[in-house]
Amino acid sequence: MTTTFGPGRLVRCPICADDFRWPQGPTVAVFDEIANDYSPVDLTRLSAARRTDTIRNSYRQCPNPSGDSKPHFLPATYADHGDPLVIGMVGAPASGKTHLLTAMIRQAYLGGLKAHGVTASALDFRRHELFRKNFIAQFERGAALPGSRPGSIETDILLLRGSGGARPVTFFDVSGEDLESTEVQNRATRFLLAATAVIFVQASEDPPDAKGPHAVSENRSFELAIERLHGLSGNGAGIAVAMAVTKSDRLRYLPPADRWLRRNDDSTLNAADIRAESRDAYAYLQHIGAESSLKPYEAFARCALHFVSASGGEALPVQFDDHTKMYFPHGVRPARVLAPLTSILAMTGVISGPEAQKVGLP
Ligand SMILES: Nc1nc2c(ncn2[C@@H]2O[C@H](COP(=O)(O)OP(=O)(O)OP(=O)(O)O)[C@@H](O)[C@H]2O)c(=O)[nH]1
Ligand SMILES: [Mg+2]
Ligand SMILES: [Zn+2]
């Protein structure tokens, strides 16, 4: 853990997407629950033990050189590890992004990546506590999560430790409506400027309005994200991509999806299996006329496709005195939700080794 105060390394802020040298002055910020605000702490005044403990639980304000964002804070240890990963969820409204991200983060916390030698912990405790309260807790109670509000930006910052080292991983979830907006200044989609990986989400039986056998299907959220990611880094080079065919519980008894869904989380990484599942999911999307949703596969050098189900079944309305709420009647039973994340971790070197190096290659 860094306790020196020399010049910091170059970092791209996952929140505002500005680049800056990591501030390493002796003053960090600690969140004060009572004041509901960050307050400064001078590390030089603390004993070595308290200093280490304080750093672990403190923040540094992003200098936001472009001066265009509200004040925001990152974990003080954000720059102490390997290269940060920023993983964004991209998909049409109601495609299932929020449920998938919630199920995925929950499962990663429960130790679901251990088989691949990866452990997950919160790097930003405050942010994770909010995510847990607002999403994971509801999901565990069997409640369907509400659609994301336009303009909302949900994030969680984890520390994933794998054979390839420890990396801060920031997850992003915004509304599908914002992802379909062409407005360049749209703040909600700014995370794409910092993204190092994307999980493209396509619901299992959502063939985008294919009218007739040769109609061109459309997936605006995918197209706009691909265009932006390509514009940023020479044709999307270096961006790790996974595609999740979500709500696959609807395909439970249908080959080929059922074969993959019946597998639990994989205990070993097998690039040939991932290639076989990718091929099946590709064929399925083609079959339902969702050609446009296959664009990420063509657009990025490394891409893996997976069948997943966040909830394991359909949400149904429950009537209360004065309102109706959607619940999963049998509770939630996520299936294969870690597969897209595992593929991304292999592509980005968090999971290392010869198998990992082959994941997502054609
Ligand atoms: N059957 C089934 N339904 C799901 C699953 N995941 C999500 N849903 C349903 O799909 C709907 C949309 O899910 P969300 O996760 O809110 O979708 P989103 O992509 O985040 O939507 P926006 O935030 O509006 O862009 C919800 O009503 C869920 O009940 C799943 O794995 N299986
Ligand atoms: Mg959402
Ligand atoms: Zn920032």
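Coordinate-derived values only; no laboratory data. Computed from a predicted model, the values in this text were never measured in an experiment. Cβ coordinates were reconstructed from backbone atoms using ideal geometry, including for glycine residues, and neighbour counts include every protein chain displayed.
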Which of VAL11, SER39, ILE55, positive extreme of dipole for region 10-163 (C-beta unit charges): ILE55
So which lysines pass the test for LYS97, namely a Cα distance under 20 Å, with those fewer than 8 places away in the same chain ruled out? LYS133, LYS247, LYS295, LYS325
Candidate lysines for bridging to LYS114, where Cα separation is under 21 Å - those fewer than 8 sequence places away on the same chain excluded: LYS358
Using DSSP, restrict attention to beta bridges with both residues in the chain and report what percent are antiparallel, rounded to the nearest 5. 60 percent
Using a cut-off of 11 Å between beta-carbons, work out the net charge of the residues near MET89 (Lys and Arg +1, Asp and Glu -1, MET89 not included). -1
Helix-only [θ]222 nm of the chain, DSSP H runs n ≥ 4, -39500 (n - 2.57) each, per residue, nearest 500: -7000 deg cm²/dmol
Can you work out the PRE-style zone for LYS325? Point 7 Å along Cα to Cβ, and I want the residues of region 137-179 with backbone N under 20 Å. 137-149
Checking rank on 88-100, 279-291, 218-230, with mean other Cβ inside 10 Å and highest first, the result is 88-100, 218-230, 279-291
What does the charge count around GLN107 come to, taking other residues whose C-beta lies under 12 Å from its C-beta (Lys +1, Arg +1, Asp -1, Glu -1)? +2
Count the net charge of all other residues whose Cβ sits under 13 Å from the Cβ of PRO340, scoring Lys and Arg as +1 and Asp and Glu as -1. 0
Return P(r) of region 10-78 (all Cα-Cα pairs; 5 Å bins starting at 0; whole %; ordered from short to long distances). 3, 17, 26, 22, 18, 9, 3, 0
Over the chain, volume per residue of the alpha carbon convex hull, in Å³: 157 Å³
Would you please give the FRET efficiency between GLU298 and ARG263, computed as 1/(1 + (r/R0)^6) with r the Cβ-Cβ distance and R0 = 35 Å, to the nearest 0.05? 0.85
At a threshold of 8 angstrom on Cα-Cα distance, excluding pairs fewer than six apart, so keeping six or more, what relative contact order does region 85-358 reach in percent? 24 percent
Once you have the Cα-Cα distance between ASN36 and GLN286, take 0.36 nm times their residue separation minus that, and quote the gain in nm to one decimal. 85.0 nm
